[in-house]
Amino acid sequence: MSMTHATPETFDRNARRALADPILHRALRNLADNFVVRRRNVILSVDDWQGLRERARSIKEETLLRLDKYLEQFTENAAKAGTTIHWARDGKEACEIIVALVRATNAKMVVKAKSMTGEEILLNEALEEAGIEPVETDLGEWIIQLAGETPSHIVVPAIHKTKQQIAELFVEKVGIDKTENVDVLTQTARKILRERFAEAEVGISGVNFGVAETGTILILENEGNIRMTTSLTKTHIAIMGIEKVIPQLADLDVFLKLLPRSGTGQRLTAYQSLITGLKKDAEDIGPDEFHVVMLDNGRSRMLAHRVTRQSLACIRCGACLNACPVYQQVGGHAYGSVYPGPIGAVITPQLIGLSKAKQLPYASSLCGACREVCPVKIDIPELLLHLRAEITEGSAGGTTVKARLKPKFAESLAFKMYGLAWSKPAWYEFGAKVSRLMQRLVARDGKIGNVGGLISRLVPPLGAWTAWRDAPVVAPKSFREMWRDKENDAR
Amino acid sequence: MTLDNAHSDARSAIFASIRDNLAASASFDAIRNEHHVHAASELALTGSTIRDRAEVINGFRENLKLLGAKCAFVENEPEAADRLSEIVNVLNAKKIVISDSELVHRIVNASGFDAVQDASREELFASDIGVTSAQWAIAETGTLVLGSGAERHRLVSLVPPVHVCILLTGSIRQSMAEILEIADPDANRTITFITGASRTSDIELTLAIGVHGPGELHVIVIKDQ
């Protein structure tokens with residue numbers, strides 16, 4: 001099963017294919033059973049979870065409103081401590097910078113810590129093209145690299161694979177005897193990757209937070225591969241989105257309480273590395289060169305509006321993916337983009353252009369589960385509606401998207417009628433009466449199901465709805481009618 | 001064009017874009033534009049009321065236990081050396097690598113084992129146990145805090161399959177917020193927080209221990225004299 005050619009523009013088709021894949025469903029089931037439950041329990045260990053979310057959001061808001069100031073401060077302080085700062089307007093520039101840095105070391109191989117930003121700029125492809133072998137060292141990333149796939153989740157990239165599939169992959173690519181014992185599979189990866197760490201000269205990582213007042217970067221992990229990547233090598237290159245900066249070291253306390261709890265349901269991940277420039281003494285452990293590549297790639301555009309700016313508050317915890325009923329059913333590959341799930345549905349169109357990802361803002365039922373769990377209180381439904389409005393109105397609204405998309409005539413007509421019908425009580429009651437009459441044709445046992453495709457032929461929009469679930473019937477009497485009857489009886 | 005020119009072009013283009021876009025949004029959110037009062041550290045500290053030392057130390061022990069780390073509280077350095085010998089014997093460890101901490105040196109010497117300081121990459125990968133100290137610990141999460149300014153323990157605490165960490169009760173604090181206040185990133189160019197053994201749940205979200213870092217974590221806490 002390969003969905004690697006799925007694009008955001010084929011979401012509808014990708015989703016249908018995913019819905020028909022029982023193995024994928026079994027794999028995705030683990031998220032709801034595990035991360036969702038663990039998160040729910042572990043947030044109780046914080047006294048004031050809602051207050052903490054507020055605090056995190058206001059720190060992000062403060063930073064984003066003065067992003068230029070905080071970026072200047074961060075890069076100046078990092079440079080003072082020995083960090084070499086680079087700037088990349090887009091993914092191509094970032095890849096060119098990184099390839100040039102690796103070439104300068106003469107290394108033919110680099111060890112990589114999981115970085116969604118690295119995925120976003122297609123860094124592995126760029127390295128391979130330059131004759132440099134990228135070795136993913138996060139277990140999940142290594143698995144999908146072996147399989148030639150892309151991550152389907154921000155935190156657990158191989159969540160779409162079952163143990164059986166991974167066992168078969170190891171037999172084929174690593175040549176071990178088939179086993180579904182997770183400890184054996186993990187130890188196999190450890191052994192193979194240690195051989196690569198032992199020879200590695202260059203390490204590439206992402207960044208979770210950059211602290212302006214000290215020029216420090218923070219990276220969180222559970223496995224230890226990031227510590228290996230950043231401390232065993234002679235050259236460390238980190239890719240950092242410009243939105244990752246926060247003002248103060250003390251602010252990390254807030255995010256270190258929120259991120260592990262939201263992401264994996266842990267109070268704290270096993271390791272956090274705070275790295276500030278280079279070692280002071282050349283004899284010390286650690287790289288001799290430390291580069292941070294600051295990446296824009298469409299991020300600064302999101303600052304232009306209060307609604308879109310929220311996207312830059314994201315700390316990539318993945319909680320909205322785990323909570324999303326759509327993601328839970330279709331998985332990450334269906335989104336056809338590096339960032340899947342609710343947050344992917346809002347940032348992908350902004351990163352690559354709304355005209356290339358028109359389907360994604362509609363890949364949601366607007367149930368709001370994502371907004372409930374988001375540790376930085378991003379109002380994802382508001383963002384989805386904002387992007388939908390841009391699509392239907394065909395206007396860029398002075399913000400992120402230049403694409404002009406034609407609104408559908410039938411759709412805008414339907415919504416005008418709908419608006420009219422609901423604007424006057426008399427019209428509304430009349431509509432309900434007509435519906436009650438009409439539904440006799442199609443209702444069975446108080447529900448409207450897809451009765452032999454009859455619905456699709458009679459009312460196509462309702463047919464699309466009832467293909468996967470039943471629609472409720474209009475009640476025999478409305479509340480207002482019951483109320484009137486009661487008043488009449490009382491007289 | 002040289003790389004340096006490209007660099008300054010990209011930098012100024014990004015800053016120009018940030019400033020233009022922020023200016024475009026200014027009319028939308030003039031109200032929100034007032035400076036947020038910054039008091040993260042205040043907020044963080046209200047979370048941890050003053051506790052007595054015994055409570056803090058006991059909390060550290062309990063949280064380490066929850067993480068699956070093995071923890072021993074000892075009265076003095078000779079007892080710590082005994083405890084270390086026990087660990088080494090039980091694991092039948094042959095190759096011991098250590099950091100340059102004086103405390104670690106005294107205890108390893110007292111236990112009578114041969115140990116390598118400033119081990120090479122090859123020696124590290126072939127080692128059985130790494131012994132370090134920690135500059136601080138956090139009770140509320142059972143976390144060890146290693147500051148590079150005080151000790152060379154970045155690799156000794158990471159590469160061997162077993163990490164033994166020896167620290168003093170006086171270095172235990174209640175919260176992360178307290179550590180962030182005293183940790184000096186300029187003096188400590190790397191600060192590593194360690195909470196339990198290396199772990200992963202990348203295969204079907206099933207927990208597996210010891211994927212890249214140590215699979216076993218032992219903590220020996222010596223009572224301050």
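The values are calculated or read from the model by the stated rules, or taken from the named source; none is laboratory data. Nothing here was measured: the structure is a model prediction, and the numbers come from that model. FYI the Cβ positions are ideal-geometry reconstructions off the backbone, even for glycines, and counts take in every protein chain you see.
Can you give me the number of residues within the stretch B:108-121 that are closer than 12 Å to B:V156 by Cα and either over 23 Å from the mean Cα position of the chain (by Cα) or charged (D, E, K, R) (or both)?
Residues in the stretch B:108-121 being closer than 12 Å to B:V156 by Cα and either over 23 Å from the mean Cα position of the chain (by Cα) or charged (D, E, K, R) (or both): 2 in total.
One residue stands out in the stretch B:141-171 among those that are buried (at least 22 other Cβ atoms within 10 Å of the Cβ) and either under 11 Å from B:F60 (Cα atoms) or not assigned by TED's automatic domain parsing to the domain that holds B:E102 (or both): the one that is nearest to the chain's Cα centre (by Cα), namely B:L144. Just one of the listed residues (A:C374, A:C324) is crowded, with 19+ Cβ neighbours inside 10 Å and either of a type in the set (V, I, T) or closer than 16 Å to A:K60 by Cβ (or both), and it is A:C374. Taking (1) closer than 22 Å to B:S148 by Cβ; (2) more than 8 Å from chain B (Cβ to nearest Cβ) in turn, A:V245 satisfies each apart from (1). The residues in the stretch A:173-229 that are free of Cβ contacts under 8 Å to residues at least 12 places away in the same chain and more than 10 Å from chain B (Cβ to nearest Cβ) can be counted, and the count is 4.
Being at pLDDT 95 or above, in the same structural domain as B:N92 (by TED's automatic domain parsing) and in a loop (DSSP other than H, G, I, E, B) holds for only one residue in B:A137, B:A177, B:A187, and it is B:A187.
Do we find that B:L158 is within 8 Å of another protein chain (Cβ to nearest Cβ), touching a helix residue (DSSP H, G or I) at 6+ places or on another chain (Cβ under 8 Å) and either closer than 18 Å to A:G224 by Cβ or of a type in the set (D, E, K, R) (or both) in this structure?
yes
When residues in the stretch A:242-257 are screened for being touching a residue at least 12 places away in the same chain (Cβ under 8 Å) and outside any helix (DSSP H, G or I), 5 of them pass. Taken over the stretch A:280-296, the residue count meeting the criterion of being touching a residue at least 24 places away in the same chain (Cβ under 8 Å) and over 21 Å from the mean Cα position of the chain (by Cα) is 9. A search for C-beta distances below 9 Å between a residue of the stretch A:65-78 that is within 20 Å of B:A23 (Cα to Cα) and at the interface with chain B (Cβ under 10 Å from one of its Cβ atoms) and any residue that is among the aromatic types (F, W, Y) and not in a helix (DSSP H, G or I), counting only pairs 6+ apart in sequence or on different chains, returns nothing.
If the condition is being without any contact (Cβ under 8 Å) to a residue 40 or more places away in the chain and assigned to a loop (DSSP other than H, G, I, E, B), then the stretch B:190-211 contributes B:S198, B:S201, B:D202, B:I203, B:E204, B:L205, B:T206, B:L207, B:V211. For the stretch A:160-172, the condition holds for no residue, the condition being that it is assigned by TED's automatic domain parsing to the domain that holds A:V376 and among the small types (G, A, S). Being touching a Phe, Trp or Tyr at 6+ places or on another chain (Cβ under 7 Å), in contact (Cβ under 8 Å) with a residue 60 or more places away in the chain and in a loop (DSSP other than H, G, I, E, B): is that true of A:G265 here? So A:G265 passes the test.
Checked against the criterion of being assigned to a helix (DSSP H, G or I) and more than 7 Å from every other protein chain (Cβ to nearest Cβ), the candidates A:V293, A:V307 yield just one match: A:V307.
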